[in-house]
Amino acid sequence: MKAAEEFIRMKLGERNTSGILRTLKPENDLIDFCSNDYLGFARSATLKQRIAKEIASYPHSLNGSTGSRLLSGNLSYAEELEKNIAGFHQAEAGLLFNSGYDANIGLFSSLPQKGDTIIHDELIHASIIDGARLSHANRYTFRHNDLESLEGKLKQAKGNCYVVIESVYSMDGDTPPIKQILEMTERYSASLIVDEAHAVGLSPAGSIAEMGLQRRVFARIVTFGKALGCHGAIVLGSSGLREYLINFARSFIYTTATSFHQLASVKMAYELLAVAGNEIATLHQNIVYFKENIASNSRFSLLPSNSAIQCIVLNSNDNSRQAAAALQSAGLDVRAILSPTVATGAERIRICMHTFNTLDELTLLTSTINSITYAR
């Protein structure tokens, strides 16, 4: 035990910063520019009431699912929900997972085989990297949104090849050249997989459906913990892919199924999303207002993004901490993103826009950012 404790202390000492769990009280009065609750569904009284009503209409539903979906945990309600969500995103089929992490682990650990190739953007989410490592397939990284770099890796690919991107990147908030990437993967007979976690909400069904590319993209991952304001995820694709994952995705097979309450929450969130046109329009207006009111400034760099995620690069952990502290002192909940979470020199504050942020709040945010000074 002593050796294990010494190892823990050594590894913690190697990090430039430590992870801190921050507990917020419900009455926290900081203005939210931090969470992924882009459309305000997580705090929606309407959604809460709809969930309660839905659960009440199923008085015999259980508190827990009691087991894996392959044993006692499957429900016709879950299967019907999968069909409805797949239809909403214009996919043939879908399979629910307990979280976005579980979905990516399950998909990428089971589908590519030894001798196959996974090629992913260098800024891809950690869950995809973890799943790819478990697959034992060859794995290559291409430079962020760089078509030439991607093509170089495609030329090296062996076996079945899977190219993986996000439609909106979680740390930069930018969007890749999806159509060009898809055309390139098709030329090399590779399959494109797109993580849509941060795109749903910017448009109701995500970027791929909005662009009309759903029949050409092999698989999509949609998570429910961002704009949908609840929890869980779905992998969208063909009915064959769904059947394959049921039989081979270990994070689906060997876990207790999601509860009825979670299923009902997802169903009700999708009902709200279907009529959220005004909220989505407001979100886009807030994004534009923020970008237009950030002063052109050599002291920091606002990364190019048309998404709800806006990042200001401040070049060091200290600068990022100082900026976040100044914003929090002004009553704004903005967090620093530090290395090694991002590369050294790319440390930043990450700002999330929401439909519920008021014009006064956005003005306070931009004016506070514009007034921040620090030593480069």
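Near Thr223, once Lys and Arg are set to +1 and Asp and Glu to -1 for all other residues with Cβ below 14 Å from its Cβ, the sum equals -3. The radius of gyration of the Cα set in segment 247-307, together with its Dmax, comes out at 20.0, 54 angstrom. Once the 1.4 Å probe is applied to the protein heavy atoms, the chain comes out at 48 Å² accessible per residue.
When each of the peptides 58-71, 326-339 is scored by the mean number of other C-beta atoms lying within 10 Å of its residues, the order from highest to lowest reads 326-339, 58-71. Every Cα-Cα pair in segment 82-182 was counted, and those over 23 Å apart are 30% of them. The three principal axes of the C-alpha atoms in segment 176-244 carry coordinate ranges of 38, 29, 15 Å, sorted with the longest axis first. Here is the list for segment 112-170: trypsin sites (Lys or Arg not before Pro) lying in DSSP coil, each with at most 12 other C-beta atoms within 10 angstrom of its C-beta, are Lys114, Lys155, Lys158. Taking GluC sites (Glu not before Pro) across segment 95-180, the ones in a DSSP loop with at most 16 further Cβ atoms lying within 10 angstrom of their Cβ are Glu122.
For segment 165-234, relative contact order (Cα pairs under 8 Å, six or more residues apart, normalised by length) works out to 29 percent.
Accessible surface of the chain, 1.4 Å probe: 52 percent of it comes from carbon and sulfur atoms.
Sorting 217-230, 75-88 by average packing, meaning the other beta carbons within 10 Å per residue, from highest down gives 217-230, 75-88.
Once semi-axes √(5λ) of the Cα gyration tensor in Å is calculated for the structure shown, the corresponding label among (1) 32, 25, 19; (2) 43, 21, 19; (3) 32, 27, 22 turns out to be (3).
The values are calculated or read from the model by the stated rules, or taken from the named source; none is laboratory data. Please read these numbers as outputs of a predicted model, since none were measured by experiment. Backbone-built Cβ (ideal geometry, glycine too); neighbour counts: all protein chains shown. We work out accessible area using only protein heavy atoms, side chains counted, and drop any ligands, DNA or RNA first. Shrake-Rupley method; radii C 1.70, N 1.55, O 1.52, S 1.80 Å.
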